[in-house]
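Trainee: Have a look at the structure that comes next, please.
Every number in this text was worked out from the coordinates using simple rules, so none of it is lab data. These numbers come from a predicted model, not from an experiment. No Cβ is skipped: glycine too gets one built from the backbone with ideal geometry, and neighbour counts run over all protein chains shown.
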Amino acid sequence: MPSRRTFIRAVGGAAALGGAGFVLSGRRLPGTCPSRKDPTWEHDGEDWTTPAFGPNALFLGERFGITGFDGPTRLAALQPWDGEAAWARTTTGSGWGRPAVAGETVYAGTGNETVHAFDRVTGDTRWVWDGSEEDTIGGGAWARPAVADGTVFVPVSTAATANPDPSDDADYDHRVVALGATDGEVRWTAPIDRPTFSDPAAVAGTLVVATESGTVYGLDPGDGSERWVVSRATGVRQPVVESGDRAVVADDGSVVALDAETGEAAWTASTPGTPTALDATDGRLFLGDGDGNAASYRLDDGEERWRFGAEAPVGGIAGLRPAADRTESDRTARADEASVEAYVADQIGYVYGVTDAGTCVRRFRASESRYDNRCGWLPDHVTMNGAAIRSDGLYVSTRWGAARFEIDGD
């Protein structure tokens, strides 16, 4: 199983971003490069995950998807008001998966095939589950764990041989592990066909897991038995979204809502390209792709609501609550910001405020430049790892750090 850098080149960022393919999309990179907007704060680190929010902190893992190197990496609890670490814990030789927050506990996997539970406030270790008997390269538990009814569900890839080839999936066993939320004890394991970077979801009493091959499993959360299996045409790399009694899954060129009980498709919608970013809130799905498209869909029937074209492949997308539902404290100061319902981050480092009509009313640069051309972006490089939003600001994870930006106008 490849490290994430290999993974990006093979099937993710660069394959979707590919220089020639993007030029053919008809969009041109801007001739001038504006200065970066000053963040409220930034916290250095490499390849941070998209954050998970707790009451008084945001939780991020460093070097997401990367294995086989020397040195420590951090899982950090950052204070949202100043970006300082309330606590940080380290692992060695691999990065961290996307963390999940449930009650007073933070759960996260690693590329070392371990899963950790930490006290949300203090960072004290509550338990560690180790799925590997040997120190091997590759594998890992990268997806954000699903937590339901006292159980933590984690997809894990573990070496099946003493000397596995990190580029060969056949040298790894892939499975979903159900762990007790309070003690980390194994309750059951269930095999899956390929690794997964897609976050699983507990949907209406069924655990839904999607893999790199495009296989979607509906599992009984009590014992891991298969209730149904659906094969999609291409691999699934974005999170499974819970929408009532349906699980919404995005693959290359389409998004489908599957009945959680039967796996039957309730609706299917066409999408413009390979999804590279996804968010969902208040009955709306937001997707960004490797061709620079961003779009919104209704979760009840899959109807496309709007589409927007960024200037480079999309690396993050974050939806806001509808303007009518926002409290006075989260309403923006400028009149034209009132209708912004999503922020789209592209791989040049631009962030766009997009309205419910698909119109951009705000644009700023959020990522620093590390290259000499194309405003700091090259077609085979990933700059933005994700974006997330809540009432106090927009949070972006980049290749070189995490940062918070005000979203109440300039």
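Trainee: Quick one: grab the alpha carbon gyration tensor of region 215-310, order the square roots of its eigenvalues as a ≥ b ≥ c, and give me rounded if a/c is under 1.5, else prolate or oblate depending on whether a/b is larger than b/c.
Mentor: Numbers: a/c = 2.26, a/b = 1.72, b/c = 1.31.
Verdict is prolate for region 215-310.
Trainee: Quickly rank 180-186, 84-90, 385-391 as a protection proxy: mean count of other C-beta atoms within 10 Å, highest first.
Mentor: On the way: 180-186: 14.0, 84-90: 15.6, 385-391: 21.4.
Packing proxy ranking, top to bottom: 385-391, 84-90, 180-186.
Trainee: Could you derive backbone 3J(HN,Hα) for region 163-170 from the dihedral phi with the Karplus parameters 6.51, -1.76 and 1.60 (θ = phi - 60°), listing whole Hz in sequence and x where the residue is Gly or Pro?
Mentor: 10, x, 8, x, 8, 10, 4, 5
Trainee: Can you give the extra length, in nm with one decimal, that the chain gains between ALA170 and PHE69 once fully stretched, where that is 0.36 nm per residue apart less the Cα-Cα distance?
Mentor: 34.2 nm
Trainee: If you don't mind, another one. May I ask you to order 58-66, 253-261, 122-130, 215-223 by the average number of other C-beta atoms within 10 Å around their residues, highest value first?
Mentor: Numbers: 58-66: 25.7, 253-261: 20.4, 122-130: 14.6, 215-223: 18.8.
By packing density, highest mean first, the sequence is 58-66, 253-261, 215-223, 122-130.
Trainee: Along the Cα→Cβ direction, 7 angstrom out, place labels at ARG363 and THR90. What is the inter-label distance in nm?
Mentor: The answer from the label model is 4.2 nm.
Trainee: Using packing as a proxy for protection, rank 73-80, 100-107 so that the peptide with the highest average count of other Cβ atoms within 10 Å comes first.
Mentor: 73-80, 100-107
Trainee: Turning to a different aspect of this structure: Karplus couplings for region 244-251 from phi (6.51 cos²θ - 1.76 cosθ + 1.60, θ = phi - 60°), rounded to Hz, Gly and Pro as x?
Mentor: Karplus-based 3J(HN,Hα) across region 244-251 equals x, 9, 10, 10, 9, 10, 10, 10 Hz.
Trainee: Output needed for region 68-153: three equivalent-ellipsoid semi-axes, defined as square roots of 5 times the C-alpha gyration tensor eigenvalues, in descending order, whole Å. Don't jump to the answer; show the numbers that get you there.
Mentor: Working: eigenvalues 90, 59, 21 Å².
Three semi-axes, in Å: 21, 17, 10.
Trainee: Tell me, what is the Rg over Rh of region 154-304, with Rh the Kirkwood radius over Cα pairs?
Mentor: The Rg/Rh ratio comes out at 0.99.
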